[in-house]
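Peer 1: The structure that follows is given in the form of C-alpha cells.
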Amino acid sequence: MNDYSQALSGGILIGLASWILLAGVGRVSGVSSITAGVLTSRRQSSAWRWMFLIGLAVGGAIFSWLLRVPHIETRHVIVLVPAGFMVGFGSVLGSGCTSGHGVCGLGRRSRRSLIAVLTFMGAGIVTVLITSLVPPAQWWEELLFEGLQWLFHR
C-alpha cells in the first residue's frame with residue numbers, strides 16, 4: 001500500500017465515522033466541541049461524548065500497535081502544554097476545530113468553515129516553514145524550564 005492509498009483510506013474512514021455519528025446520534029463530530037461538552041458541563045457530558053473520546057484515544061493506540069507505527073520523538077512537555085493551550089484557544093476563537101470545520105463543515109459546503117480551514121491551514125504552513133528554517137535551539141527550552149522552576153520554587 002503506497003502513501004496515497006493510506007491517506008485515501010484514512011480519509012474515507014474519518015468521513016465514514018463522521019457520517020455514522022451524525023446518522024446515529026445526530027451530532028457533528030467536532031472533537032473540540034465534544035471535549036468542551038465533557039469538560040465544561042455535566043448536563044452535556046452524555047455517554048456518547050465519553051465513548052467518542054475514549055474510542056478516539058484507544059482506537060489510535062490499538063491501530064498504532066497493530067500497524068507497528070514507528071516511534072517518533074516528541075517535544076518536551078514545556079513545549080507541548082503551551083502548544084495545546086494555543087490550539088484550544090484557536091478552537092474557541094474559530095468556533096471549531098479541524099474535524100468540525102474541515103470534515104463536517106466542508107461536507108456541508110459551509111463558507112464559514114472554508115474560511116476557517118484556509119486560515120488554520122495557512123497558519124500551519126507558515127509555522128512549519130518557520131520552524132524548519134530556524135535552527136534548533138535547546139537553550140530556550142532550558143531557559144523556559146529554569147524560569148518555571150524559579151517561579152514555582154522547585
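Peer 1: Conditions first: (1) touching a residue at least 24 places away in the same chain (Cβ under 8 Å); (2) in the same structural domain as Leu21 (by TED's automatic domain parsing); (3) β-branched (Val, Ile, Thr). Val58 passes all but one, so which condition is the exception?
Peer 2: Among (1) touching a residue at least 24 places away in the same chain (Cβ under 8 Å); (2) in the same structural domain as Leu21 (by TED's automatic domain parsing); (3) β-branched (Val, Ile, Thr), Val58 violates only (1).
Peer 1: If you don't mind, another one. Do any helices (runs of 4 or more DSSP H) entirely within the range 1-70 hold 1 or more residues that are among the acidic types (Asp, Glu) and exposed (fewer than 11 other Cβ atoms within 10 Å of the Cβ), and if so, which?
Peer 2: The helices (runs of 4 or more DSSP H) meeting that bar are 3-25.
Peer 1: Restricting the search to the range 93-121, which residues are among the aliphatic types (A, V, I, L, M) and more than 21 Å from Leu53 (Cα to Cα)?
Peer 2: Within the range 93-121, the subset among the aliphatic types (A, V, I, L, M) is 93, 103, 106, 114-118, 121.
If the condition is that a residue be among the aliphatic types (A, V, I, L, M) and more than 21 Å from Leu53 (Cα to Cα), then Leu93, Leu106, Leu114, Ile115, Ala116, Val117, Leu118, Met121 are the ones that fit.
Peer 1: I've got another one for you. Would you point out the residue of the range 90-125, among those that are charged (D, E, K, R) and outside any helix (DSSP H, G or I), that is modelled with the lowest pLDDT? Explain how you work it out, then say what you get.
Peer 2: First, pick out the residues of the range 90-125 that are charged (D, E, K, R): 108-109, 111-112.
After this cut, where a residue has to be outside any helix (DSSP H, G or I) as well, the list is 108-109.
Numbers: Arg108: 81, Arg109: 86.
For the range 90-125, the residue satisfying everything is Arg108.
The values are calculated or read from the model by the stated rules, or taken from the named source; none is laboratory data. Here the structure is a predicted model, which means the values were calculated and not measured. Every residue, glycine among them, receives a Cβ derived from its backbone with ideal geometry; neighbour counts consider all protein chains shown.
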